[in-house]
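Comments concern the structure below.
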Amino acid sequence: MRLSELKKGEKGIILRVHGHSLLRKRLSELGFVSGKTIETIRFAPLGDPVVYKILDSEISIRLATASLIEITLPK
């Protein structure tokens, strides 16, 4: 499943970040690393970008970037 598929209020656990090395590095600096729990907080009025909560921070990223992040749902 991809991060971009989460609905508002749903949580997921990051499995892997795809994309080129600079993007992966920047996302890891923001806390998007394997094993971390992430929650969808809100969508912009037109649906893009989306605000996610990770490591007690709220970070806004575009859906195109969120589609590069592979997640699983918590059990």
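How much of the accessible area of the chain, probe 1.4 Å, is carbon plus sulfur, in whole percent? Working shown, then result.
Working: 2490 of 4730 Å².
Carbon and sulfur together cover 53 percent of it.
Give me the base-10 log of I(q)/I(0) for the chain at each q in 0.28 Å⁻¹, Debye formula, one uniform scatterer per Cα, rounded to two decimals.
Reported log10 I(q)/I(0), two decimals: -1.56.
So which lysines pass the test for LYS11, namely a Cα distance under 21 Å, with those fewer than 8 places away in the same chain ruled out?
LYS36, LYS53, LYS75
Take ARG2, project a point 7 Å from its Cα along the Cβ direction, then tell me which residues of segment 55-71 have their backbone nitrogen under 13 Å from it.
62-71
Label 7 Å along Cα→Cβ of PHE43; segment 1-20 residues with amide nitrogen under 19 Å?
Under 19 Å, as judged by backbone N against the label point of PHE43, lie 1-12 of segment 1-20.
Could you do me a favour and compute the accessible area per residue for the chain, 1.4 Å probe, result in Å²? Let's see the in-between values first.
Numbers: 4730 Å² over 75 residues.
Heavy-atom SASA per residue in the chain reads 63 Å².
Counting only other residues whose beta carbon sits under 9 Å from that of ILE14, what net charge do I get with K and R as +1, D and E as -1? Let's see the in-between values first.
Values: positive: ARG16, LYS36; negative: GLU70.
After counting each charged neighbour, the total is +1.
Sequence gap at least 6, Cα distance under 8 Å: using those rules, report the relative contact order of the chain to the nearest whole percent. Could the numbers behind the result be given before it?
Working: 141 pairs, mean separation 32.3, N = 75.
Value for the chain: 43 percent.
Mind checking segment 11-75 for GluC sites (Glu not before Pro) that DSSP puts in a loop (not H, G, I, E or B) and that have at most 13 other Cβ atoms within 10 Å? Spell out each step's value before the answer.
Details: sites: GLU29, GLU39, GLU58, GLU70; in loops: none.
Passing sites in segment 11-75 do not exist.
The values are calculated or read from the model by the stated rules, or taken from the named source; none is laboratory data. Model, not experiment: these values are computed from the prediction. FYI the Cβ positions are ideal-geometry reconstructions off the backbone, even for glycines, and counts take in every protein chain you see. What goes into the accessible areas is simple: the full protein's heavy atoms, side chains included, and nothing from ligands, DNA or RNA. Shrake-Rupley method; radii C 1.70, N 1.55, O 1.52, S 1.80 Å.
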